[in-house]
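Trainee: What follows is a structure written as structure tokens; I'll ask about it next.
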Amino acid sequence: MVLSDGSVADLCIIDPQLCGDENAFLSFEAIRSIHKLMDDDADGTVDTMETDEFLREDLKYHDPKAKHSSFHRADPHISVEDMWSTWKSSEVYNWTAPQVEEWLVVSVELPQYAESFRKHQLDGKALPR
């Protein structure tokens, strides 16, 4: 699968081990899409002001404690590669299908989707999609 925007090539450069993995490609595309939504000035990075705006306007976080620092840490700009690396190193990335189902039912409170998640064997790696 090759898209005209070079998506597969980008994944192959950033993460050669997953280059031929279609599921990884779909998750990478989802991460790229989130990054694009956050990158208001389309400069290829997400800065702290864009993160604050995304948290407050798009995610409707009005808690003053919800700050960009939890996303940025010491780096003022986040690239797609940064988001992908952070995602892959997260605990959720390694969740099994039963753990995802438990999260869906208990934490997100969407039990009506549990059967579909189970049928498609969606594990943590699939969640960005």
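Trainee: Output the residues belonging to the range 11-35 that are loosely packed, with under 13 Cβ neighbours inside 10 Å and part of a loop (DSSP other than H, G, I, E, B).
Mentor: If the condition is that a residue be loosely packed, with under 13 Cβ neighbours inside 10 Å and part of a loop (DSSP other than H, G, I, E, B), then Gly20 is the only one that fits.
Trainee: If Val105 satisfies every condition in (1) at pLDDT below 95; (2) farther than 15 Å from His35 by Cβ; (3) open to solvent by less than 60 Å² (accessible area, probe 1.4 Å) but one, which is the exception?
Mentor: Of the numbered conditions (1) at pLDDT below 95; (2) farther than 15 Å from His35 by Cβ; (3) open to solvent by less than 60 Å² (accessible area, probe 1.4 Å), the odd one out for Val105 is (1).
Trainee: Another question, then. Go through (1) in contact with a Pro (Cβ under 9 Å, 6 or more places away or on another chain); (2) at pLDDT 85 or above; (3) surrounded by 14 or more Cβ atoms within 10 Å (Cβ to Cβ) and name the single condition Met38 misses.
Mentor: The failed condition is (1).
Trainee: Which is in a helix (DSSP H, G or I) and modelled with pLDDT of 95 or more, of Glu57, Glu81, Glu115, Glu50?
Mentor: Glu115
Trainee: Condition first: more than 14 Å from Trp95 (Cβ to Cβ) and loosely packed, with under 14 Cβ neighbours inside 10 Å. Now tell me which residues in the range 113-128 satisfy that.
Mentor: Hits for the range 113-128 are Tyr113, Glu115, Ser116, Lys119, His120.
The values are calculated or read from the model by the stated rules, or taken from the named source; none is laboratory data. Owing to the predicted nature of the structure, the values given are computational and were not obtained by experimental measurement. Every residue, glycine among them, receives a Cβ derived from its backbone with ideal geometry; neighbour counts consider all protein chains shown. In case anyone asks, the SASA skips ligands and DNA or RNA and just uses the protein heavy atoms, side chains included. Shrake-Rupley method; radii C 1.70, N 1.55, O 1.52, S 1.80 Å.
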